[in-house]
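Asks: Below you will find the structure I want to go over with you.
Nothing in this text is a laboratory measurement; each read-out follows from the coordinates by a stated rule. The model shown is predicted, which means the values in this text are computed figures rather than measured ones. Using ideal geometry, Cβ is built from the backbone for each residue, glycine included, and neighbour counts are taken over all protein chains shown.
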Amino acid sequence: MTRAAMLGGRSQNRLVRLALAISRARVDAATGRLADARNALNATIAEATSLGFKGYELAARLQLGEIEIARGDAAVGRAQLAALSKDAAYFFGTISKYRLFSLQMYSSSSVSA
C-alpha cells in the first residue's frame, strides 16, 4: 500500500487519488488509526462532492459510517449509513429512470434504410 500511495498520491488523475484515499483510510481504520481514517474520509467526501463524483462520495461515506460503528459510536454510524442508503437509492434510482427513458426513446424511433 505504501508504494501505491506514493505513486497514486502524485497522480493527476482525480479518480485514482480518490480511490487511493478510500483504500488508505480502510488500512488506517484496520490498523487502529481511526482518527486519521476519519479525517481522510471527510476530506475525500468533500473533494468527491465538489467534483461531482457521486460514486466515490458514497463509497467514502460508507467507509466513514463503518468506522464510526467500529470506534464505538454506533448511533452516529447508523445515522450516517441510513442517510447514505437514502442518498444512494435516490442517485441510483435517478440513473435507472434516465436509462429507462433512453431505452424507450431509442426503441420507439426506428431507423429505416
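Asks: Could you work out how far apart the two model spin labels at PHE91 and ALA70 are, taking each label as a point 7 Å from the Cα in the direction of the beta carbon, and quote it in nm?
Replies: 2.0 nm
Asks: Right, next: For the stretch 2-107, what does the equivalent ellipsoid look like in terms of its semi-axes, each the square root of 5 times an eigenvalue of the Cα gyration tensor, given largest first in whole Å?
Replies: Each semi-axis is √(5λ); the values are 29, 20, 9 Å.
Asks: Quick one: what are the phi-derived ³J(HN,Hα) couplings along the stretch 42-56, Karplus 6.51/-1.76/1.60 with θ = phi - 60°, whole Hz, x for glycine and proline?
Replies: Values per residue, Gly and Pro as x: 4, 5, 5, 4, 4, 5, 4, 5, 5, 8, x, 8, 4, x, 5 Hz.
Asks: Zone of LEU15 (label point 7 Å along Cα→Cβ, backbone N under 19 Å): which residues in the stretch 54-78?
Replies: Taking a point 7 Å out along Cα→Cβ of LEU15, the residues of the stretch 54-78 whose backbone N falls under 19 Å are 54-61.
Asks: At 0.36 nm per residue, minus the direct Cα-Cα distance, what do ALA43 and LEU100 gain on full extension? Give it in nm, one decimal, please.
Replies: So the chain would gain 17.1 nm between ALA43 and LEU100.
Asks: Where does the charge balance sit around GLU57 when Lys and Arg score +1, Asp and Glu -1, over other residues with C-beta under 13 Å from its C-beta?
Replies: That works out to +1.
Asks: If we count every other residue with Cβ under 14 angstrom of ALA25's Cβ, Lys/Arg +1 and Asp/Glu -1, where does the sum land?
Replies: +1
Asks: Follow-up question, since we're still on this one. Got a sec? How would PHE53, PHE92 order by Cβ neighbour count within 10 Å, fewest to most?
Replies: Exposure proxy ranking, most exposed first: PHE92, PHE53.
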